[in-house]
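Every read-out reported here was derived from the displayed coordinates using simple, explicitly stated rules and does not represent laboratory data. Here the structure is a predicted model, which means the values were calculated and not measured. Neighbour counts are summed over all protein chains in view; Cβ atoms, including those assigned to glycine, are modelled from backbone coordinates with ideal geometry.
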Amino acid sequence: MTKRLALGALIICVAISLVMLVLKPVPGGRHYEYAALLAAALTVIALLFTAHPRTFFRKEVLAFVVLSGLILGVVNLSVLKPTSEIIRTYRTVFDALENGKNPYTAGTIFHDIETSGPVLGNFNYPPLEIYPYYLAYRIAGAWNLTVLTATILVIQALCGLILVLMFPRVRPGRFVPFLPLILLGEVKTAAAMTLLLTVLILWVIKKNAENPRAPHGYMIAVLFGLGLTAKFLIIPLMAAYYWHQFDSKNLRSLVRIVVDSGIALVTAVLVMAPFGVINVLKNTVLFNLILKDRAALTTFYPNVLSGPFAWLGLQSVYPMAAVVLLALAVLAAPRLGLLAAMLTAGIVFLLVAPTPEPQFIPTLFFLVVVAQFMALERPGYESGGSPRQP
């Protein structure tokens, strides 16, 4: 019943996105197809996650996965431009840093609004999205499309390598169908660090499931803290992970959650501190929730939730609605398996986010792959049993 309700909700989201695509009802709204593509992709991800491993690893499904990864890769690589907004945005961030300015207060960071052209403002990505690209810029001695793309591909190739290392008992050839989507599923935007941190978190989660040890919990907390200073998908994953541990019959579970969450938050604060914690939060979290402020610097791409609210003139109500729906998804975590809870929160987050974020599809897909390989390793799979998804 739960699976049917979830699938039904995703189908409704696809329908909403298609209605917006046809009517284009939001003044200033652009690229309505992004919401439709995102909702459809999330539906496929949910179906892959709930499939039995015998179905997931069938040749037909693997062929679909390979083809999807290759098509996405070709499309992503074909639309790369040396004058794209991300190239120019990071160039102005690096200029600000080298001139001793804070990119979150400088007012000199490049943004491009499709309906009106370039605008200068503050940087609106979290700070961990600066360091790897700034390092690549310093190593290469230049900043251009080649340096950006190479940096993204190196990080995502590392994620593919970690997937292989996570499952030493699985022959390497079984991972090949998933590598195109992991490596090339997103190369247009700076989402690689979010993918990498999610991969590392899943790796430690798996290690802890096999051999529970206290240091694993601290490692996960630190990784979540670093993830909070990458792009925002880590927020719902972290919330679902910790709330899944809550046991109303054991108050010690709440203490453990508070301690580990505190470690994560302290880690995030330390990363944000050089730029000013308030400055970072103002230009990232608050900037993205308040549609009116966001529209001043970025093009508005209506999403499944934000689109209808903007259509109805309820932009001021949207932030509360988004937070409530995401909170409901997180609160359901204790009733689900751990990875199911994290995936559910991630899917809901992408549906209620201000704009469609297909850049995170490879991250959720990686979570699905890990869940299926963990099920594959369980006793009973080869003998015809029906292991439950973790």
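Data for the structure
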{"quantity": "Karplus-derived HN-Hα couplings along the stretch 298-314 (A = 6.51, B = -1.76, C = 1.60, θ = phi - 60°), whole Hz, x at Gly and Pro", "calculated": "9, 6, 8, 9, x, 9, 4, 9, 5, x, x, 5, 5, 4, 8, x, 10"}
{"quantity": "Distance (nanometres) between label positions extended 7 Å along Cα→Cβ at A140 and R4", "calculated": "5.2"}
{"quantity": "Pairwise FRET efficiency - T149 versus D95, Cβ, R0 = 22 Å, nearest 0.05", "calculated": "0.60"}
{"quantity": "Given the chain, longest segment not containing exposed loop trypsin sites (Lys or Arg not before Pro) (DSSP; at most 14 other Cβ within 10 Å)", "calculated": "250-387"}
{"quantity": "24 Å Cα-Cα reach of K24 towards lysines, excluding residues that sit fewer than 8 places from it in its own chain", "calculated": "K292"}
{"quantity": "Distance violations [Cα-Cα > 18 Å] among K188/K231; K188/K282; K231/K282", "calculated": "K188/K282"}
{"quantity": "Segment L161-H31, extension gain: residue separation times 0.36 nm, minus the distance between their alpha carbons", "calculated": "43.4 nm"}
{"quantity": "Linear extension gain, E114 paired with L18, 0.36 nm per residue minus alpha-carbon span", "calculated": "32.4 nm"}
{"quantity": "Globularity index of the stretch 200-260, i.e. its alpha-carbon radius of gyration over 2.2 N^0.38 Å", "calculated": "1.11"}
{"quantity": "Cα gyration tensor, the stretch 1-136 - rounded (a/c under 1.5), prolate or oblate", "calculated": "prolate"}
{"quantity": "Under 5 Å, built H, 5+ apart or other chain: amide partners of V119", "calculated": "H111, D112, I113"}
{"quantity": "At least 18 Å along the helix axis (C-alpha) and Kyte average at least 1.6, DSSP helices within the chain", "calculated": "2-23, 33-50, 59-78, 145-166, 251-272, 318-331, 338-352, 361-377"}
{"quantity": "Placed amide H near D247: partners under 5 Å, 5+ positions off or other chain", "calculated": "S253, L254"}
{"quantity": "Where only C-alpha atoms are counted, convex hull volume of the chain per residue in Å³", "calculated": "149"}
{"quantity": "Per-residue [θ]222 nm for the chain (sum of -39500 (n - 2.57) over DSSP H runs n ≥ 4, rounded to 500)", "calculated": "-20500 deg cm²/dmol"}
{"quantity": "Estimated distance in nm for a label pair at V176 and K81, the labels positioned 7 Å out from Cα along Cα-to-Cβ", "calculated": "3.7"}
{"quantity": "Excluding exposed DSSP-loop GluC sites (Glu not before Pro) (at most 13 other C-beta within 10 Å), longest clean stretch of the chain", "calculated": "115-381"}
